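Okay, so here's the structure we're looking at.
Each reported figure results from applying straightforward, stated rules to the coordinates on display, with no laboratory input. For clarity, every value in this text was computed on a predicted model and none was experimentally measured. Cβ sites come from the backbone with ideal geometry, for glycine too, and all protein chains shown count toward neighbours.
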């Protein structure tokens, strides 16, 4: 069995039609259309509750590539000489392993995330990859407003310099990643067993989709093209109109990613990989679009817009296609699952994650009782099950509890009404998963009290 892993960056689950039935996410922004991912999903087992543990980009990839939790012990850092990756394991078993990526963090000095692959290709220029040192030919003022700081202006300038020569849709990063991936799949079909990790940085910001995909913004908008939102409270630096515009740019970027993936899905079918390959499509995390007041990722943004991602598994021949799975899984579980399905599950004893192959085979409906998410550097933690989400905040800030079934946008904090649910979730994970070893927090109105040592 071959393995093809399609990794996207910052793709919110609610912007994939198969998950939200094509409903608009925000007022004033049309529903994002993803027909090609939807068609692929019809032949996949669709996971509704797949979560990263440690955030963001590189801790997530560590979890997926090693089967270990990053959250307790490591943040954004290189692979160490003692880490054993999926590529290294499969290469020992005779797989020819390839990596194609425009995620420039993977190849940053000493990161080592290409280790173990027989071949790897880098597409340069994403985000503020230091690719071109010449200034951009376009005016930065057209892409920022009067509130942008020099730091953020410089970031925009770097991206503009990197993309000044883009003319055709084929020049965009995701198009190049797919083109190289298709070529690799064709050339390497002669091998008995292959593993290809396709790692696209899209739809990560900056969001500057080609013109024909920029259909989610108001055509009457006359302000600057804010392709890279700043952090902090959005209404402190952007107008409501600008916030809607930025959200529309994100939807356009997602739609363009979906368009480009069509060629990959067609190639997988044409080359016969649909018949003999395990194919997984997911994203490292979502992206806050000022749902709770702020754009961009951050240690305090512990809500579904950041945490919920698409997770689609296509078994060889499309077995089980269209079945939906509500069971909770975390990214450290992915590598043990892959290894079990490929026949190398005797490696799994060395990993934190636990295989959910039985879910894929339809032998069970359960996997984890709860999941935990957060940044290694942050105090905040989110612990949730299929119904409830508990957010632990720093001392002096109220904790949060949401009913994900009745309030999927997490607008009503119910921690005072249901303190027992918060206590139950809090107790699922010990202090090794928390940065602050001992602390005492009061709830919204002082009715709910807890400490990391004991819960009252």
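Worth pointing out:
- Once both labels are positioned 7 Å from their Cα atoms along Cα-to-Cβ, the gap between residue 93 and residue 411 label points is 4.7 nm.
- Extension gain, residue 266 to residue 323: 0.36 nm times the residue separation minus the Cα-Cα distance gives 18.3 nm.
- Overall form of the range 1-157 per C-alpha gyration tensor (a/c, 1.5; a/b vs b/c): oblate
- Gain on full stretching of the segment that runs from residue 193 to residue 403 - 0.36 nm per residue minus C-alpha separation: 71.1 nm
- Across the chain, Cα pairs under 8 Å and at least six residues apart give a relative contact order of 23 percent.
- Residue exposure sequence - 215, 103 - by fewest surrounding Cβ within 10 Å: 215, 103
- Extension gain, residue 21-residue 122: 0.36 nm per intervening residue step, less the Cα-Cα distance, totals 32.9 nm.
- Which label in (1) 26.7; (2) 21.2; (3) 24.0 gives the computed mean projected area of the Cα convex hull in nm²: (2)
- Note on 119, 355, 134, 73: ascending count of other Cβ atoms within 10 Å places them as 134, 73, 119, 355, the fewest first.
- Adding -39500 (n - 2.57) for every DSSP H run of four residues or longer, then dividing by how many residues the chain holds, sets the calculated 222 nm ellipticity at -7500 deg cm²/dmol.
- Label zone at residue 82, where the point sits 7 Å out along the Cα-to-Cβ direction: the range 330-358 residues whose backbone N lies under 18 Å: 349-353
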